[in-house]
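A quick write-up on the structure given underneath.
Quick note: the coordinates plus some simple rules give every number you see, no bench work behind them. Only a predicted model underlies this, so the values are computations on that prediction, with no experimental measurement involved. All Cβ positions, glycine included, derive from the backbone under ideal geometry; neighbour counts span all protein chains shown.
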There are 2 protein chains.
Amino acid sequence: MANKKSLESIDMEAPEFKDFAKSMVDYIANYLENIRDRPVLPSVQPGYLEKLIPSEAPSKPESWTDVMADIERVIMPGVTHWHSPRFHAYFPTANSYPAIVADMLSGAIACIGFTWIASPACTELEVVMMDWLGKMIGLPAEFLACSGGKGGGVIQGTASEATLVGLLGAKAKMMQRMKAEHPDWDDNTIVSKLVAYCSNQAHSSVERAGLLGGVQMRSLKADDNLQLRGETLEEAIKKDLADGLIPFYVVATLGTTNSCAFDRLDEIGPVGNKYNIWVHVDAAYAGSAFICPEYRHLMAGVETADSFNFNPHKWMLVNFDCSAMWLKDPNWVVNAFNVDPLYLKHDQQGSAPDYRHWQIPLGRRFRSLKLWFVLRLYGIENLQAHIRRHIGFAQQFETSCRSDERFEIVTKVQMGLVCFRLKGSNELNETLLKRINGRGKIHLVPSKINDTYFLRMAVCSRFTQPEDMDFSWNEVSEAATEVLKEQQK
Amino acid sequence: MANKKSLESIDMEAPEFKDFAKSMVDYIANYLENIRDRPVLPSVQPGYLEKLIPSEAPSKPESWTDVMADIERVIMPGVTHWHSPRFHAYFPTANSYPAIVADMLSGAIACIGFTWIASPACTELEVVMMDWLGKMIGLPAEFLACSGGKGGGVIQGTASEATLVGLLGAKAKMMQRMKAEHPDWDDNTIVSKLVAYCSNQAHSSVERAGLLGGVQMRSLKADDNLQLRGETLEEAIKKDLADGLIPFYVVATLGTTNSCAFDRLDEIGPVGNKYNIWVHVDAAYAGSAFICPEYRHLMAGVETADSFNFNPHKWMLVNFDCSAMWLKDPNWVVNAFNVDPLYLKHDQQGSAPDYRHWQIPLGRRFRSLKLWFVLRLYGIENLQAHIRRHIGFAQQFETSCRSDERFEIVTKVQMGLVCFRLKGSNELNETLLKRINGRGKIHLVPSKINDTYFLRMAVCSRFTQPEDMDFSWNEVSEAATEVLKEQQK
């Protein structure tokens, strides 16, 4: 029985929805299949959009065809095309057809899976998908729900949230221990002594987690290979302990944003364990590569970690947001966040995770559908092929770069990222980047390590072909020729 | 030019995507239009799903038709149907055809709008949509970007995050003031003295914001109408000041989860202003009703607020997640969270908001598309009709309930929520709720205020018709008859 419309209908009706949605499907396919023909970076100025649309919402409904027409008129001129093969900024963000379709279903079911009973399928598919994924990257069984222990996975929104959740769990754990050891210390006394650690190459969100969590986050010097070493961590811990402080949390980054360097988890982890501090692994970008066995040596030491996080929404073709986090003992997080009003209680509490306790927000979408669709419709082998292809493209660009003596490679090329620069001053390279982005054909962002400014060429698009990498290299090379010519004048 | 496939294709191709996505469109329309025929609450037991699917991801790709077939086999048996007219639990969550289509486009563009340059359209549409929405609910101009002042809106994921963001902004503001007044106090001394306030009727996420922010959150007694009063707040502030503490933040709830009570913002706001503490308004559910002028008296005093939040993803037909937050002076939040690595810098900084500084996560989806599509394809008048219709349905249920002398209405019926119970003991009402949910035809959750246990009947579905409300009332009535008969035995 279709829903009766005995009241005057105010909603879009199903037949109209079908026309609209199918028209959007065609638009999307056309957009993505031809994305490389659009200028990757928009040329609009701040404030462009408000001039194109009314200053107030309409009183009466408009037609969906008018809305469709406005996508090209209003939206597209201001879109940075993250999925163009010409886009090499930041790190990739995922986009695949299976994930888009899964999100449609998620939007239709539109449950808020804060407890098991609020939609059992939403919680249970997430539990099983996090096991599938954990097995795919070779996580130790202790992290998996299917091991029957305490461990398990959860989908967070972003790696920033995972780092913060880990920090808050670690804080709760250390608070409890300190209160037991020093019954006379109050909360504020303990919090004021807490110290967390990360590499000076860690992502800005790690520093921010310290700010948000109200604790000191000590930035430790990475070695010449830009890796945080166990020795460095241990020295810092010893010094802080000698000063009466309380080390409680360390973030090891596998694949830094600056240069895709890998902290030495095999050294950091044992030091963390020795001093009883929570070890969190941030493998936001590079973690996807661990689905390929040949890269798992880079996560050596993972068995020492308390929590592990990577973003399938970066490099594993699952649309944002899908940040996979595993915890060996989620109870520290669950107990830290637990507030339990009657309207959220249910009879099955305890026999399945209530994910609201595992995260910062209360509400959550049915995000595991995206993982399920992508894993089934690609299969592990094609996801591995995707990773290996991107790594191959980075090596292709590296080869081009090394064959041109004007350029230098700044750091070891890892995964799908090439850090390079013109031999010469930072200013020269700043000029080069401005020129490249100004030409409007490809888009890169810079970084800086130890006062050396360089360009980051990230392989981002699933549409990228070898010819695209040649195109991007030619753009870089031509821009360099222009800039160097002008310098000589 | 379509993308060449010179490498062996590993991705789903566009024609297959079109078939798959259009098949999903038909599935979605069929699911939603016939949703009332499904049992609203699943009867599965914890662990049901893992038995239905393999324990590992497949190596080779499967076909999309197999995936489609598994939706009914694996997912639907475990779905709680939040959009069924039989669903009366919690509060509504939004679901509309225009929002689903907008999310498809958001998934295709799949930009991460952390800075303006990362996709100008993503930031700019959000700025303008938050102005549209602010005007629709009659927010003072100070909150709007178009006023040319500091104020503006941002889309957060959830009201929990908005409450936390407000708290962290307030904390930063008070820290700065205290450091200026007491140069000898260190951070920990100040933090240990900070006190925030809310009603004992506030949502659990407010208490949690205090936990996460590491500050005291004082729960103040609401009056007999379950409203937090200005006098109560002022007494608490005076006592805390006398004790050497530092009041810095108060959350006023407009539409509590327990009973949809409205704190007296017209009293709380002036008290907050008098003592220079940050006033945050949590109107998560009820805020949507302010698009109808006849309900705006319930937000009297809004001009005294520093931040205001409501969830279009609850009651305004914009799919989760879309939590609208406005700040009079976002700089307190921006400066509290600001970490600024080179790879995120851009030339237009300062001339448009970089929303990454306004929120907990770094990444963010293009969520304003959902608002734009819904506002245009419904129009203000139909959205108002939607709100008024739901309020009418609650009144219809109230009338049924009042006409049955076995029942009592517990609190004043406000918006789309009826709090009711059988005259008699809490145990009797617990039995009644179990019976109602056990019969499997409708779904409600309970709450408790001052030791009185009661049932909450929330109007949730956009498909609801007057006959559905009669159906739900009959279910309640029949369950009551059964329970009372058994009691008499």
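Counting only lysines at least 8 places from A:LYS135 when in the same chain, those with an alpha carbon closer than 21 Å to its own are A:LYS150, A:LYS314, A:LYS328, A:LYS370, B:LYS51, B:LYS60. Net charge in the neighbourhood of A:GLU56 (other residues with Cβ under 14 Å of its Cβ; Lys, Arg +1, Asp, Glu -1) is -1.
Between A:ASP184 and A:GLU16, the distance separating the two model label sites (each 7 Å from Cα on the Cα→Cβ line) works out to 7.4 nm.
Neighbours of A:GLU142, meaning other residues whose beta-carbon lies under 11 angstrom from its beta-carbon, give a summed charge of -1 when Lys and Arg score +1 and Asp and Glu score -1. Applying D = kT/(6 pi eta Rh) to chain B, where Rh is the Kirkwood radius over alpha-carbon pairs, T corresponds to 10 °C and eta to 1.306 mPa s, the Stokes-Einstein value obtained is 64 µm²/s. Helical runs (DSSP H, four residues minimum) scored at -39500 (n - 2.57) apiece and divided by the length of chain B put the mean residue ellipticity at 222 nm at -13500 deg cm²/dmol.
Taking the Cα centre as origin and putting +1 on Lys and Arg beta-carbons and -1 on Asp and Glu beta-carbons, what dipole magnitude results for the stretch B:279-434, to the nearest 20 debye?
Rounded to the nearest 20 debye, it is 420 debye.
The lysines within cross-link reach of A:LYS239, meaning a Cα-to-Cα straight distance under 16 Å and a gap of 8 or more places when in the same chain, are A:LYS193, A:LYS221, A:LYS274.
By its C-alpha gyration tensor, with a ≥ b ≥ c as the square roots of the eigenvalues, how is the stretch B:195-337 shaped: rounded for a/c under 1.5, else prolate for a/b larger than b/c, else oblate? The shape class here is prolate.
Per residue of B:454-462, other chain Cβ atoms within 10 Å of the residue Cβ number 1 on average.
Placing a pseudo-label 7 Å from each Cα along the Cα-to-Cβ vector at A:LEU52 and B:SER23 gives an inter-label distance of 3.5 nm.
Global dimensions of the stretch B:297-449 from alpha-carbon coordinates: Rg and Dmax equal 22.2, 69 Å. Peptide A:155-168 is shielded by partner chain Cβ atoms: per residue, an average of 3 of them sit within 10 Å of its Cβ.
Distances between copies of A:LYS22, taken at a point 7 Å out from Cα along the Cα→Cβ vector and listed shortest first: 0.6 nm.
Given a Förster radius of 41 Å and the C-beta distance between A:ARG177 and A:ASP347 as r, what FRET efficiency does 1/(1 + (r/R0)^6) yield to the nearest 0.05? All intermediate terms of the calculation are to be shown ahead of the outcome.
Working: r = 34 Å, r/R0 = 0.82.
The value I calculate is 0.75.
Considering only beta bridges that DSSP places wholly inside the protein assembly as shown, some 55 percent are antiparallel. Across the copies of the chain, B:ASP37 has label points (7 Å from Cα along Cα→Cβ) spaced 4.4 nm apart, shortest distance listed first. Under the membrane-span-like helix rule (DSSP H runs whose alpha carbons stretch at least 15 Å along the helix axis, mean Kyte-Doolittle hydropathy 0.0 or higher), chain A yields A:97-109, A:120-136, A:159-181.
Over all distinct Cα-Cα pairs of the stretch A:332-397, the Kirkwood formula returns a hydrodynamic radius of 15.6 Å. If you bin all the Cα-Cα distances of the protein assembly as shown at 10 Å, starting from zero, the percentages per bin are 2, 12, 21, 26, 22, 12, 4, 1, 0, 0, 0.
With a 10 Å cut-off around each Cβ of B:26-35, the average count of Cβ atoms from other chains is 5. Grouping the Cα pair distances of the stretch B:200-255 into 5 Å bins from zero gives a pair-distance distribution of 4, 17, 29, 25, 18, 6, 1 percent in increasing distance order.
Out of every Cα pair in the stretch A:32-110, what percent are spaced more than 20 Å from each other? Tail of the P(r) past 20 Å holds 54 percent of the pairs. In nanometres and ascending order, the distances from the B:GLU467 label point to those of the other copies are 6.0 (point 7 Å from Cα along Cα→Cβ). Please report how far the C-alpha centroid of the stretch B:188-227 lies from that of the stretch B:323-397, rounded to the nearest whole angstrom. A separation of 25 Å, based on Cα centres.
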